[in-house]
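S.K.: Supplied in structure tokens, the structure appears directly below.
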Amino acid sequence: MSWDWNFAIEVFPEILGAIWLVIAITFGSFIVALILGLVLTFARRSSFKPLSLLVYAFIEFVRSTPPLVQLFFVYFALPAIGISINKYTAGIVTLGIHYSTYVSEVYRSGIEAIPKGQWEAAKAMNFSKTQTWFRIILPQAIPPVIPMLGNYLIVLFKETPILMAIGVGEFLQKAQLIGSTHFKYLEPITIVGLLFLLLSYPSALLINRLEQKSNQAFTGKKNRRLTNQFHLKSGA
Amino acid sequence: MTIEILLASAVLAFAVAFIAGLGRVSRFAVIRRVTAVYVELFRGTSLLVQLFWIFFALPAFGIQFSAFLASVVALGLNYGAYGSEIVRGAIIAIPKGQTEASIALNMTNFQRMRLVILPQAFRMMLPGFGNISIELLKGTSLVSLITLTDMTYKGLIIQNSNISYTMPVFVTLLFAYFLVALPLIILARKLEKRSAKGVANA
């Protein structure tokens with residue numbers, strides 16, 4: 001048995017049909033990750049020690065346990081204590097929480113790169129804490145890390161196939177169903193692989209370019225250190 | 001089973017990472033090109049898709065892997081691709097003067113790599129490798145989806161046998177993974193500290 005073009009063309013639209021669902025889930029969970037990541041970053045920096053330690057433990061725990069098991073936990077175990085959610089929400093929430101821990105690290109590196117003088121200046125100008133954060137620190141901390149956030153968007157996108165485990169009909173689930181009805185797995189799964197490549201590779205190139213541009217825009221020693229850190233951390 | 005897969009695929013992943021990482025900085029354009037395609041291919045698609053492809057699609061070409069072998073190959077090649085970027089990044093981060101000095105000392109290319117570049121680059125790779133091994137551990141949970149009886153799969157079986165176990169099973173499972181990851185996290189930190197010893201801040 002080898003590659004069958006007719007079959008591939010026949011099943012292609014069916015697999016591609018899942019694209020909007022995949023995109024919706026990717027961006028949905030990315031938004032959750034962005035917001036929750038910011039909350040985690042703030043909590044981690046809180047001067048209230050128990051909270052910051054708790055958040056630190058939470059981040060380490062979530063980062064080092066498999067998203068698949070977390071997904072099962074959210075989808076199967078939470079209903080046991082009365083929190084019941086549908087599979088799409090479960091997927092978005094799980095991926096969102098999982099990647100919020102990564103995103104918070106990115107924010108942290110951005111915030112730590114802000115020179116101390118900025119904090120001091122804000123204090124000298126009698127800015128309130130909220131004003132300092134939202135008018136001084138974050139506007140400077142976020143733009144340099146946008147390419148890194150983009151990288152995590154792609155990572156998140158590539159993580160969506162695990163949602164097939166709870167029956168979300170994304171690319172791989174579709175391919176698997178087609179494969180099991182026709183007893184032909186080669187074409188559908190290859191198509192899924194190519195789709196991922198086709199969607200993620202150009203975005204990765206785009207983000208690379210963005211990264212170079214932002215490095216030019218935010219030149220300085222601290223920024224170089226920041227990108228170095230990222231390269232070591234981007235195992236995901 | 002989870003540990004077995006973790007160890008086997010870690011060995012494969014690090015071997016592949018070094019080969020591909022060195023290939024990316026090879027003098028020969030062909031080798032550079034081939035390894036670049038491999039790395040982009042595996043980094044550009046999902047681990048789960050690769051796992052399914054190796055397990056379900058490869059048999060169409062007459063290559064039938066057992067579930068265990070398919071898992072090890074998929075995990076090893078996937079994380080090997082990520083690891084090779086770490087290797088490559090560390091090698092090209094070594095200042096050019098080091099290469100020039102070794103040439104001035106009349107070292108062969110092989111000597112230069114082995115005695116001058118790699119020992120310095122290795123130190124820079126450690127944090128990245130620590131992260132990769134944790135990612136690898138997380139990746140092993142996916143093998144339950146091709147019916148390999150790892151920790152996750154066992155958890156699912158227990159949960160299926162008695163629905164009231166659902167909560168404790170998954171909580172235990174999460175902590176079990178964390179427990180396996182803990183030594184990796186600690187080891188990674190220790191290695192990082194030890195390799196930074198006696199070196200001026202790079």
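The values are calculated or read from the model by the stated rules, or taken from the named source; none is laboratory data. Computed from a prediction, not measured in an experiment: that's the story for all the values here. Neighbour counts are summed over all protein chains in view; Cβ atoms, including those assigned to glycine, are modelled from backbone coordinates with ideal geometry.
S.K.: I need the full set of residues from the stretch B:99-134 which are more than 17 Å from B:Gly21 (Cα to Cα) and out of contact with any helix residue (DSSP H, G or I) (no Cβ under 8 Å at 6 or more places or on another chain), in order please.
M.R.: Listed by number, the residues that qualify are B:Glu100, B:Ala104, B:Leu105, B:Asn106, B:Thr108.
S.K.: Hey, any hits in the stretch B:25-37 for a residue that's buried (at least 17 other Cβ atoms within 10 Å of the Cβ) and modelled with pLDDT of 90 or more? Spell out how you get there, then give the answer.
M.R.: Step one: of the stretch B:25-37, the residues buried (at least 17 other Cβ atoms within 10 Å of the Cβ) are B:35.
Subset that is modelled with pLDDT of 90 or more: B:35.
For the stretch B:25-37, residues buried (at least 17 other Cβ atoms within 10 Å of the Cβ) and modelled with pLDDT of 90 or more: present.
S.K.: If you take just the helices (runs of 4 or more DSSP H) that sit entirely in the stretch A:138-236, which of them hold at least 3 residues that are more than 9 Å from every other protein chain (Cβ to nearest Cβ), under 20 Å from the mean Cα position of the chain (by Cα) and modelled with pLDDT of 85 or more?
M.R.: Per the criteria, A:138-159, A:186-217.
Each row is one residue, and each column tells you yes or no for (1) of a type in the set (S, T, N, Q); (2) more than 14 Å from every other protein chain (Cβ to nearest Cβ).
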| site | (1), (2) |
| --- | --- |
| B:Ala13 | no, no |
| B:Gly23 | no, yes |
| B:Val34 | no, yes |
| B:Arg43 | no, no |
| B:Ile63 | no, no |
| B:Ser71 | yes, no |
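S.K.: Go through the stretch B:111-145 and give me each residue that's more than 20 Å from the chain's Cα centre (by Cα) and of a type in the set (Val, Ile, Thr).
M.R.: B:Val116, B:Ile117
S.K.: Taking the stated definitions as given, is B:Phe68 among the aromatic types (Phe, Trp, Tyr), modelled with pLDDT under 90 and exposed (fewer than 13 other Cβ atoms within 10 Å of the Cβ)?
M.R.: Working: among the aromatic types (Phe, Trp, Tyr): yes; modelled with pLDDT under 90: yes; exposed (fewer than 13 other Cβ atoms within 10 Å of the Cβ): no.
So B:Phe68 fails the test.
S.K.: To continue, here is another question. Which one is farthest from B:Leu126 (Cα to Cα), of the residues in the stretch B:73-100 that are β-branched (Val, Ile, Thr) and within 12 Å of chain A (Cβ to nearest Cβ)? Steps first, please.
M.R.: Narrowing the stretch B:73-100 to residues β-branched (Val, Ile, Thr): B:73, B:86-87, B:91-92, B:94, B:99.
Checking which are within 12 Å of chain A (Cβ to nearest Cβ) leaves us with B:86-87, B:92.
Working: B:Ile86: 9, B:Val87: 10, B:Ile92: 15 Å.
Only one residue tops the list, namely B:Ile92.
S.K.: Show the residue pairs that are 6+ apart or on different chains and have beta-carbon atoms under 8 Å apart, the first residue being within the stretch A:105-117 and without any contact (Cβ under 8 Å) to a residue 40 or more places away in the chain and buried (at least 19 other Cβ atoms within 10 Å of the Cβ), the second being of a type in the set (A, V, I, L, M, F, W, C) and assigned to a helix (DSSP H, G or I).
M.R.: Sorted first by the residue in the stretch A:105-117, then by its partner, the list stays empty.
S.K.: Right, here's the next one. Within the stretch B:160-185, take every residue that is surrounded by fewer than 21 Cβ atoms within 10 Å (Cβ to Cβ), among the polar types (S, T, N, Q) and part of a helix (DSSP H, G or I) and give me the one that is farthest from the other protein chains (Cβ to nearest Cβ).
M.R.: B:Ser161
S.K.: Further, regarding this structure: In the stretch A:64-73, is there at least one residue being part of a helix (DSSP H, G or I), more than 14 Å from chain B (Cβ to nearest Cβ) and buried (at least 20 other Cβ atoms within 10 Å of the Cβ)?
M.R.: Here is the first cut: in the stretch A:64-73, the ones part of a helix (DSSP H, G or I) are A:67-73.
Filter again for more than 14 Å from chain B (Cβ to nearest Cβ), leaving none.
For the stretch A:64-73, residues part of a helix (DSSP H, G or I), more than 14 Å from chain B (Cβ to nearest Cβ) and buried (at least 20 other Cβ atoms within 10 Å of the Cβ): absent.
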